[in-house]
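Read-outs throughout are calculated quantities, based only on the coordinates presented, and are distinct from any laboratory measurement. Please read these numbers as outputs of a predicted model, since none were measured by experiment. Note: ideal-geometry Cβ built from the backbone for every residue, glycine included; neighbour counts use all protein chains shown.
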Amino acid sequence: MVTVIANQAMAGVPAAASEEVIEFAVREHARLVYRISYSVLRNHHDAEDATQETFLRVLRYRTKLAEVRELRTWLARIAWRVAVDRRKKAPETPLDGTAEAILTLRSSTTSADQILLQAEMQRVLDSLIAALPSNLRDPLTLSTIEELPPAQIADVLGVNEAAVRSRLFRARQILRGKLAVLLEGKHGV
């Protein structure tokens with residue numbers, strides 16, 4: 001409903017009103033843009049920088065706001081491209097999660113063993129996903145982490161919806177097989 005109102009407000013947007021639309025976009029979609037950036041970059045600081053860069057691009061291209069049909073999808077596409085471009089560069093901050101782990105241990109009521117096990121499981125899953133070819137990894141990331149529907153994923157990645165569905169199926173099939181092999185190896189020892 002909110003997106004419909006924003007899209008109606010953008011039809012024939014005068015220059016002064018475009019600032020209101022940009023403010024609306026930041027207010028309503030900043031979390032989505034950050035989550036997409038984080039899902040690609042896997043680093044809080046880099047994701048924040050990518051989020052800022054995304055909204056700077058929106059500001060730079062505000063004259064195109066009147067042409068945007070779906071604001072959320074448009075922002076997701078920009079965020080994805082910015083994050084992928086940043087991923088190609090060396091990370092600006094080290095990917096060391098030590099400080100985050102210490103804060104988790106301090107603030108958590110779960111045992112250290114459980115936290116360690118969860119972190120290890122997450123690391124294994126992240127490495128399995130990272131090992132997927134990008135044409136399978138990217139739709140899976142947008143679907144599972146960002147919870148975007150296949151139609152929006154297709155818009156973000158510039159492919160058709162059938163290809164997205166096929167790639168999601170194949171990526172999940174590969175992950176299921178690899179996880180089964182890992183679990184059999186742990187139980188068989």
Report the label-to-label distance for Leu59 and Arg172 in nanometres (one decimal), using points 7 Å from each Cα along the Cα→Cβ vector.
-> 4.0
Between Arg165 and Ile115, what length in nm is gained on full extension when 0.36 nm per residue of separation is reduced by their alpha carbon distance?
-> 14.6 nm
Which of the aspartates and glutamates could a cross-linker span from Lys178 if the Cα-Cα distance has to be under 14 Å and same-chain partners fewer than 8 positions apart are dropped?
-> Asp126
Mind giving me the nanometre distance, one decimal, between the label points for Val181 and Val26, set 7 Å out from Cα along Cα→Cβ?
-> 4.8
